[in-house]
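J.: Input: one structure, supplied below.
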Amino acid sequence: MNRTWINRLKTSFIFLILLLFSCSQDSVFVDISNELEPKDPLIDGSPTNIVAVKNKIYAGTRMGDKIHCYANTNGVLGWDTIPLPSGYYLGQLATDGDSLYVLMFENRDPLKSSRLRRYNVSSDRWEIPYTVSGYSIQTIFGAGNKIFAGGQHQINRDKFAIIYLNNAEDSLKPIIHGKSLLKGAAQNASGTIYLATAGTGMFSFNESAFDTDDPVCVPVDGTEKANLNGIMNVGGNIVAVGADGTVYSDIGGRFINFNAGLNFTGAMCLWADRKNQWKPSLLLLGIRGRGTSTTHGYREMVLDNGRPTLEIKSPGDDSPTSVANKAKYDAGIGTHPVESIFQLPDFSSGGPFYYRDFTDDPAWEPPIFAATSKNGLWSYRKGEWNAEE
């Protein structure tokens, strides 16, 4: 073999090795450049869901002894705390639009003593507590100015009930027995309330049936045996998501479904787009990676004039999108399962500030809060996801 040809072959091989090494180094440098400087979350551990009541935002650590409140106090935005009654620990939050309702467990044991207690956000006072005989309350949700709860039977743990808070009688009343755990409630544009369960699909709530022999909860066709994790009103339509990746929507007056191939946690929130006059352009959906996957975070359902579609994509892919930098999203919140997510709304919709006050800052967007499974409350601010301090 010609020596000159051999030398050229060696030179090409060395060049190829150097090129591959250089590309690898570039990838490492890119990864390092997108790594976050870790922050200590103000709300640590496993946060509860996030709710807004009368221009204040509420969240807390599950099994913690206080609630955190984000509000505008004399022109300054920040967090304050509300201690829980002595001996009780935080489970979940809900609102009827007027008051904050708090699920509490005694001695951090969710299988024994539980109660639902109302907190008056106007007077900053705890009001009447509610309990229900025979059941331990595990979940609470608000829809249509009403409060619903999911109860687990205290003797037979495999039995659950959907429970309704009757304000007229100041009592909790089981309205359907023997079904799966309640995982969400939402009201559509016509005023019908839908209740989502983890294994027996959806039910429509018929309040007028209380004084008749008709069922109060009616199974929804097309959702039987669905294992649902979350439900929400999206532009007047109902969207529900399942643990198996199925998405249900009442497009056209009947429920249809498709499988997105994702493991939805039930975290759901509307995202308003500044470029579209703050109209809802995305539905953010929390996910948990399957098996040993480290890809978590959330996904974006693209909305059509505020209504649901069949298009679900990763943050940072195409416009509109909720993040400015896809790589930073992937390296940040994308590594944590998102159990609750919430973009702070305008003051007119219950948020702590007016969007118009930030028109002079073209880069400003309303913060998004996200509860991770065990790494505290995170927020999206100034184009970056990190722990909320």
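J.: Take the conditions in contact with an Asp or Glu (Cβ under 8 Å, 6 or more places away or on another chain) and surrounded by fewer than 18 Cβ atoms within 10 Å (Cβ to Cβ) and apply them to Asn227. Does it pass?
T.: It is true that Asn227 is in contact with an Asp or Glu (Cβ under 8 Å, 6 or more places away or on another chain) and surrounded by fewer than 18 Cβ atoms within 10 Å (Cβ to Cβ).
J.: Pick from Val76, Val102: which is without any contact (Cβ under 8 Å) to a residue 40 or more places away in the chain, of a type outside the set (Ser, Thr, Tyr) and crowded, with 20+ Cβ neighbours inside 10 Å?
T.: Exactly one residue qualifies, and that residue is Val102.
J.: Do you know which of the residues in segment 117-133 that are aromatic (Phe, Trp, Tyr) and crowded, with 18+ Cβ neighbours inside 10 Å is modelled with the highest pLDDT?
T.: Residue satisfying both the conditions and the ranking: Tyr119.
J.: Another question, then. Tally time: how many residues in segment 27-63 are over 23 Å from Pro352 (Cα atoms), outside any loop (DSSP other than H, G, I, E, B) and modelled with pLDDT of 95 or more?
T.: 0
J.: Identify the residue in segment 296-318 that is farther than 24 Å from Asp250 by Cα and in contact (Cβ under 8 Å) with a residue 40 or more places away in the chain and, among all such residues, is nearest to the chain's Cα centre (by Cα). So that I can check it myself, show each step before the final result.
T.: In the first step, residues of segment 296-318 are kept if they are farther than 24 Å from Asp250 by Cα; the result is 296-297, 315-318.
With the extra rule that they be in contact (Cβ under 8 Å) with a residue 40 or more places away in the chain, the set shrinks to 296-297.
On the way: His296: 13, Gly297: 11 Å.
The qualifying residue nearest to the chain's Cα centre (by Cα) is Gly297.
J.: For the condition within 18 Å of the chain's Cα centre (by Cα) and at negative phi, what is the one hit in Ser293, Ser322?
T.: It is Ser322.
J.: For Ser373, indicate whether it is of a type outside the set (Lys, Arg) and closer than 20 Å to Gly230 by Cβ. Full working, then the answer.
T.: Values: of a type outside the set (Lys, Arg): yes; closer than 20 Å to Gly230 by Cβ: yes.
Yes, satisfied.
J.: Is there any pair linking a residue in segment 365-376 that is in contact (Cβ under 8 Å) with a residue 60 or more places away in the chain to one that is surrounded by fewer than 19 Cβ atoms within 10 Å (Cβ to Cβ) and of a type in the set (S, T, N, Q), with Cβ under 7 Å and at least six apart or on different chains, and which?
T.: Final answer for the pair search is Ser373/Ser46; Lys374/Ser46.
J.: Please find, among Ser379, Ser349, the residue that is at pLDDT 95 or above and buried (at least 16 other Cβ atoms within 10 Å of the Cβ).
T.: Ser379
J.: Here's another thing I want to ask about it. Quick check: is even one residue across segment 239-250 within 23 Å of Leu344 (Cβ to Cβ) and of a type outside the set (Gly, Ala, Ser)? Explain how you work it out, then say what you get.
T.: If we filter segment 239-250 for residues that are within 23 Å of Leu344 (Cβ to Cβ), which is where we start, we get 239, 241.
With of a type outside the set (Gly, Ala, Ser) added as a condition, the list becomes 239, 241.
Yes, because at least one residue in segment 239-250 is within 23 Å of Leu344 (Cβ to Cβ) and of a type outside the set (Gly, Ala, Ser).
J.: Against the conditions (1) within 14 Å of Asn263 (Cα to Cα); (2) part of a loop (DSSP other than H, G, I, E, B); (3) modelled with pLDDT of 95 or more, where does Thr295 fall short? Just the number, please.
T.: (3)
J.: Here are some conditions: (1) outside any loop (DSSP other than H, G, I, E, B); (2) of a type outside the set (Asp, Glu); (3) touching a Lys or Arg at 6+ places or on another chain (Cβ under 8 Å); (4) more than 21 Å from Thr48 (Cα to Cα). Leu172 meets all but one. Which one does it not meet?
T.: Unmet condition: (3).
J.: Which of (1) crowded, with 19+ Cβ neighbours inside 10 Å; (2) farther than 23 Å from Gly60 by Cβ; (3) of a type outside the set (A, V, I, L, M, F, W, C) does Tyr354 not meet, given it meets every other one?
T.: Among (1) crowded, with 19+ Cβ neighbours inside 10 Å; (2) farther than 23 Å from Gly60 by Cβ; (3) of a type outside the set (A, V, I, L, M, F, W, C), the lone unmet condition for Tyr354 is (1).
J.: Okay, moving on. Go through segment 153-196 and count every residue that is more than 20 Å from Pro219 (Cβ to Cβ) and surrounded by 12 or more Cβ atoms within 10 Å (Cβ to Cβ).
T.: Total satisfying the criteria: 7.
Every residue, every condition in (1) more than 18 Å from the chain's Cα centre (by Cα); (2) not hydroxyl-bearing (Ser, Thr, Tyr), yes or no:
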residue: Gly75; (1), (2): yes, yes
residue: Ile82; (1), (2): yes, yes
residue: Gly87; (1), (2): yes, yes
residue: Thr95; (1), (2): no, no
residue: Leu116; (1), (2): yes, yes
residue: Ser123; (1), (2): yes, no
residue: Pro129; (1), (2): yes, yes
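J.: So, one more: In segment 206-244, what count of residues is obtained for those that are closer than 23 Å to Asn49 by Cα and not aliphatic (A, V, I, L, M)?
T.: Matching residues across segment 206-244 total 9.
J.: Can we say Lys66 is surrounded by 17 or more Cβ atoms within 10 Å (Cβ to Cβ), at pLDDT 95 or above, among the charged types (D, E, K, R) and within 20 Å of Ser122 (Cβ to Cβ)? Spell out the reasoning first.
T.: Working: surrounded by 17 or more Cβ atoms within 10 Å (Cβ to Cβ): no; at pLDDT 95 or above: yes; among the charged types (D, E, K, R): yes; within 20 Å of Ser122 (Cβ to Cβ): yes.
No: the conditions fail for Lys66.
J.: How many of the residues in segment 96-116 are in contact with a Lys or Arg (Cβ under 9 Å, 6 or more places away or on another chain), part of a strand (DSSP E or B) and at pLDDT 95 or above?
T.: Of the residues in that region, 6 qualify.
J.: From the set of residues in segment 244-278 that are assigned to a loop (DSSP other than H, G, I, E, B) and of a type in the set (S, T, N, Q), which is modelled with the highest pLDDT?
T.: Within segment 244-278, the match that is modelled with the highest pLDDT is Asn263.
The values are calculated or read from the model by the stated rules, or taken from the named source; none is laboratory data. What you see is a predicted model, and the numbers here were worked out from it, not measured in a lab. Please note: Cβ atoms are built from the backbone with ideal geometry, for glycine as well, and neighbour counts cover all protein chains shown.
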